[in-house]
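Here the structure comes first, spelled out in structure tokens, and everything after it is commentary.
The values are calculated or read from the model by the stated rules, or taken from the named source; none is laboratory data. None of the values given here were measured: they were computed from a predicted structure. Counting neighbours? That spans all protein chains shown, and the Cβs are built from the backbone with ideal geometry, glycine included. Accessible surface is based on the protein model in full, side chains and every heavy atom, while ligands, DNA and RNA are left aside. Shrake-Rupley method; radii C 1.70, N 1.55, O 1.52, S 1.80 Å.
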Amino acid sequence: MKAAKLIVIYPTPTDITVFERRYEHEHVPMAVAKLSGKIRFDANLVTSAPGKDQAPYHRIAEVYFPSMKDLEDCLSSPGGQETAAHAVEISSGGDPLFLIAEVETFVF
């Protein structure tokens, strides 16, 4: 069975300081507490986009689950719904992009 992950891509916020404060103090603790079944959570800060003056995205969150069913169960749960709604609420630069992916890992 393949692992799965939820990817949330946040556009550049209108006020980076406010977004970062809410992300760190509200959203990350909520995701840790309420996303049931997760096995890993990566919060990536985009620092640049080679060849561009500014990166089109500010943050990319990746939440890993043991299986697609675990991910789907989480997203349909009250905690998953609340956390997703909060992601939309804090994303002042536009709606975040939500993606679901199967995961294959190659370790070198």
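Applying the condition of being in a loop (DSSP other than H, G, I, E, B) and touching a residue at least 40 places away in the same chain (Cβ under 8 Å) to segment 46-58 and asking which residue is least open to solvent (accessible area, probe 1.4 Å) yields Ala55. Residue count for segment 4-40 satisfying the condition of being in contact (Cβ under 8 Å) with a residue 60 or more places away in the chain, open to solvent by less than 60 Å² (accessible area, probe 1.4 Å) and assigned to a helix (DSSP H, G or I): 5.
For segment 64-84, filtered to residues that are under 15 Å from Met30 (Cβ atoms) and under 16 Å from the mean Cα position of the chain (by Cα), the residue that is most open to solvent (accessible area, probe 1.4 Å) is Gln81. Out of Ala87, Ala61, Ala43, Ala101, I need the residue that is surrounded by 13 or more Cβ atoms within 10 Å (Cβ to Cβ), in a helix (DSSP H, G or I) and touching a strand residue (DSSP E or B) at 6+ places or on another chain (Cβ under 6 Å). Which one? The unique qualifying residue is Ala87. Select from segment 39-80 the residues that are modelled with pLDDT under 95 and touching a Leu at 6+ places or on another chain (Cβ under 6 Å) and list them in ascending order. Listed by number, the list is empty, since nothing qualifies.
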